[in-house]
């Protein structure tokens, strides 16, 4: 497994396969854990332990995609989900075009017989990555050669490779001129309640284009935009600020050690690894595995887009600004603290919505809909703390990520909870249109 550099403090990380680790119960954590449960399926039965070499090709190429995107694109916070969605939809179309079982994503391509779905998956991922990152060509070519060496030579392999290229070309064309990386200004002038660059770096609005890029699933970036955040003079606003002042500060906080651990745990998560581990332990086939990655990645990519749309639209200031300048908000229940600092570095974009919780809500709803149960059975490793948590149920993960952003001092609880609800709504709607089983 290739080593991976640490990600920025504002980013949820998707990385390589994390297998064979026991879930750890951390002080103050809500997630359940224990080796006695590690081998059970979402239904509670012992997993079969059967391997699927074809399915592992999908997992391996999603790991290769992650490593390549990280090294070549050097994406900012949350941008990697959009790149991952490009690769995973190409792989998904390549696989289901051979295997059937699920409706292709915005395509009607079907592979000729015979065709190897494993060869198609590898070829699709390789072609998408090589198109976008030609500098990584030699490494990608070598990885493809390694994969194809495990597949019997002959007509099936050749047909699979050719069909994978077709699937990749379709996604490349589908995403052409989608607004990725475009210049998107933030026009609001600084005034009470409005975002402005935050200390210590005072950096401009990061990756504002993500709020205007063409979605992968939604009809438009603002399709699921929630109502406005609480007014500055409202009791809810004062309650949010008081909680942050008490639990989100770098010093003098009322946080427990377990709450601090939770805040740090969610800085950088190996979510792709958790999906691959789930697929392997539950014996998912190649079509099911490709669907799992594609649905999860597109849901999170669109959650990023929905969250950044709300950030651009509402442009609310971050806790560090709100607490330091509370004497300007017109609310008699708030109190200014000019020296307050959050536990973690504040990302360079507005508070409402929280991107992290919007992605969490979308991911959990997508998984529960696909799995047909609220038991998601995910073992997720934090690349920040090095610890692993076992999340049996979706609501446990959602609860922890909401709390983590408050205890980190970087989001109001309202921005977190509204983000979770938006992500859930988005994913539930999307699964009625995409990645559906077919006869």
**Study point:** Size of the stretch 298-347 as Cα extents on the principal axes (Å, biggest first)
**Key:** 42, 24, 14
**Study point:** Crossing angle, helix 117-132 versus the chain [Cα axis fit, 0-90 degrees, rounded to tens]
**Key:** 50
**Study point:** the stretch 266-300 versus the stretch 411-439: alpha-carbon centroid distance in Å
**Key:** 17
Study note, to complete from the structure: Taking 134-146, 289-301 and ranking on average Cβ neighbours within 10 Å, highest first, one gets 289-301, 134-146
Review point. Fewest first, what order do 382, 354 take by the number of other Cβ atoms within 10 Å?
Key: 382, 354
Review point. Going by alpha carbons, how many degrees (0 to 90, nearest 10) lie between the helix axis of 80-99 and the longest principal axis of the chain?
Key: 30
Point to revise | Distance between modelled label sites at residue 189 and residue 176, nm, 7 Å Cα→Cβ extension | key: 4.3
Practice item. Compute the acute angle (0 to 90°) between the alpha-carbon long axis of helix 235-247 and the principal axis of greatest extent of the alpha-carbon atoms of the chain; round to the nearest 10°. Key: 80
Review point. What are the radius of gyration and Dmax of the stretch 50-174, computed over its Cα atoms and given in Å?
Key: 13.6, 43
Review point. Based on the alpha-carbon gyration tensor of the stretch 221-280, what equivalent-ellipsoid semi-axes (square roots of 5 times the eigenvalues) come out, in whole Å, largest first?
Key: 30, 23, 7
Study note, to complete from the structure: Share of Cα-Cα pairs in the chain beyond 30 Å, whole percent, is 42
Check your understanding: Taking 0.36 nm per intervening residue step and subtracting the Cα-Cα distance, what contour gain separates residue 231 from residue 71 on full extension?
Key -> 53.4 nm
**Study point:** Least to most buried among 329, 416 (fewest other Cβ within 10 Å first)
**Key:** 329, 416
Exercise for review: Mind sorting 411, 278, 313, 202 by how few other Cβ atoms lie within 10 Å of their own Cβ, fewest first?
Suggested key: 202, 313, 278, 411
Exercise for review: For the stretch 264-360, take the alpha-carbon Rg, divide it by the Kirkwood Rh, and send me Rg/Rh.
Suggested key: 1.16
Practice item. As a check on your grasp of the helix formula, calculate [θ] at 222 nm for the chain: sum -39500 (n - 2.57) over DSSP H runs of n ≥ 4, divide by the residue count, round to the nearest 500. Key: -15500 deg cm²/dmol
Check your understanding: So what does log10 I(q)/I(0) come out to for the stretch 234-431 at q = 0.12, 0.13, 0.17, 0.19 Å⁻¹, using the Debye formula with one equal point on every Cα and no solvent?
Key -> -0.60, -0.70, -1.09, -1.28
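Read the figures in this text as sums done on the coordinates, not as results from a lab. All values derive from a computational prediction rather than experimental measurement. Backbone-built Cβ (ideal geometry, glycine too); neighbour counts: all protein chains shown.
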